[in-house]
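Here the structure is laid out as structure tokens; the discussion comes afterwards.
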Amino acid sequence: TPHNLDNSSSSRNGKAPLRPAMLYFVFNTDVIGVIVAHDISKGNFVFQIPYFPPYQTLQDDFSEAECIRLITRTIGSSTSTSNPLASSSSFSSNMNIRIHSIRGWRMDTRVADRYRVGNAFLAGDAAHFFPPAGAFGMNTGIQDAHNLAWKLAAVVKGNATDELLDSYEQERRPVAQANAHLSNENFGRVLKVYSALGVEPRAASLLVQSMELPPLSFLPMAARRRMVNEALRLGRKQLALLSDKTTLGKLWLKQAKEIIEDGKALPLLFDGQDLGCSYLSMRPPPPQQQNADSNKAPSSSSAAAKRDVFAWPVPDGTPYSGERVGVADPFVFVPRVEVGTRFPHLPLVQKKSDGSIGSEMSTLDLVA
């Protein structure tokens, strides 16, 4: 279970680090965590540190004084040339660290079974949450709101029947399931870096689980807390070898470098996944699957009719199903002119009657 340490730092001139980034992964003998730069020019950060309740508590193990110590230890010496945070004058030894909040949260993956019950709808974090590895939670939530808003407006204004609102769950829930799967995969990529640096991510979880099993579970809680914290300390102690001056350290750094340079660490841009989903509920059944009586539409309540609508080959022969949202490559967005997909953007130039060139526009402007 990670916990968020929302903090800011300032100095007289407030310069940004020499190597500014959005995420800084920290590995040292005092703490392992991730610094998220919310506003690096102003020194506003969130520091995410794993902790393991009930064997650790925010009150006893992460007091404000202890968190300031960990931040200072994380930044290191202001004379360091290898630490981009320490080498910035905004993170000098006389910096002013202010803790805004210290709170815990549980990393998990969940998607609601239902998005609609009567007049109640779920969207955003109420409908799904994923590991913070790719910004899928934010993007999926924004898309939920967009999908639901225009449908609610259409029904309220009398331009559509209430059945239109059922398509919200049909369209958005499969997308959330696909994004949940990809978020977990992406988080797994992050853990490969930890393993490469000699930190086995699941070791701490196994340690905590062992405390709940006999004979350790018979020990007093205070004793188990000491055991967990001492084991975590010993696990971090080996990071003292994480240097290019030791044989093992060189090996760890080489392994981590290979993962990062191959782009296997933590990719954050998934244009195909964010933009390429296909709403299958909008696809009409192909002609060969229509009823013989063209005047009689299939019942939307029948399982067979839903199966026809949710699974049939697209022009390239790729079969769709209710479990797939039609994204071939999560990294690459390939525009398609198909019902249920995002209308593609193409730049257009207006040509006036006198032959002169007018303003530029997009194909999206034609359907706005």
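In sequence order, the range 138-155 has phi-based couplings of 5, 5, 5, x, 4, 5, 4, 4, 5, 5, 7, 4, 6, 6, 4, 4, 5, 6 Hz under the Karplus curve 6.51 cos²θ - 1.76 cosθ + 1.60, θ = phi - 60°, and Gly or Pro positions carry x.
When the pairs 237/257; 192/245; 151/351 are compared against a 28 Å limit on Cα-Cα distance, 151/351 fall above it. Counting only aspartates and glutamates at least 8 places from residue 352 when in the same chain, those with an alpha carbon closer than 13 Å to its own are 360. For residue 100, the accessible area of its heavy atoms, probed at 1.4 Å with every protein chain present, is near 90 square angstrom.
Stretching residue 219 away from residue 126 to a fully extended chain increases their span by 29.6 nm, per 0.36 nm per residue minus the current alpha-carbon distance.
Let me know the whole percent of all Cα-Cα pairs from the range 148-221 that are separated by more than 14 Å.
Considering the range 148-221, 75 percent of its Cα-Cα pairs are separated by more than 14 Å.
Straight-line cross-link reach from residue 250 at under 19 Å between alpha-carbon atoms covers these aspartates and glutamates, not counting any fewer than eight positions away in the same chain: 200, 258, 261, 262. Along the Cα-to-C-beta direction of residue 206, a point sits 7 Å from the Cα; which residues of the range 43-77 have their amide N less than 11 Å from that point? Label zone hits: none.
Taking all protein chains as they are arranged and a probe of 1.4 Å, the heavy atoms of residue 27 leave approximately 40 Å² accessible to solvent.
Of the residues 190, 339, the one with the largest accessible area comes first in the ranking 339, 190, computed with a 1.4 Å probe on protein heavy atoms.
For the range 189-252, what Kirkwood radius comes out of the mean inverse Cα-Cα distance, in Å?
Here the Kirkwood hydrodynamic radius works out to 13.3 Å.
Protein-only accessible surface at a 1.4 angstrom probe places the residues 148, 241 in the order 241, 148, largest first. Its alpha carbons give the range 101-258 an Rg and a Dmax of 23.0, 72 Å.
The values are calculated or read from the model by the stated rules, or taken from the named source; none is laboratory data. All values reported here derive from a predicted model rather than from experimental measurement. Every residue, glycine as well, gets a Cβ built from its backbone with ideal geometry; the counts of neighbours run over all protein chains shown. Side chains are part of the model used for accessible areas, which takes the heavy atoms of the whole protein and leaves out ligands, DNA and RNA. Shrake-Rupley method; radii C 1.70, N 1.55, O 1.52, S 1.80 Å.
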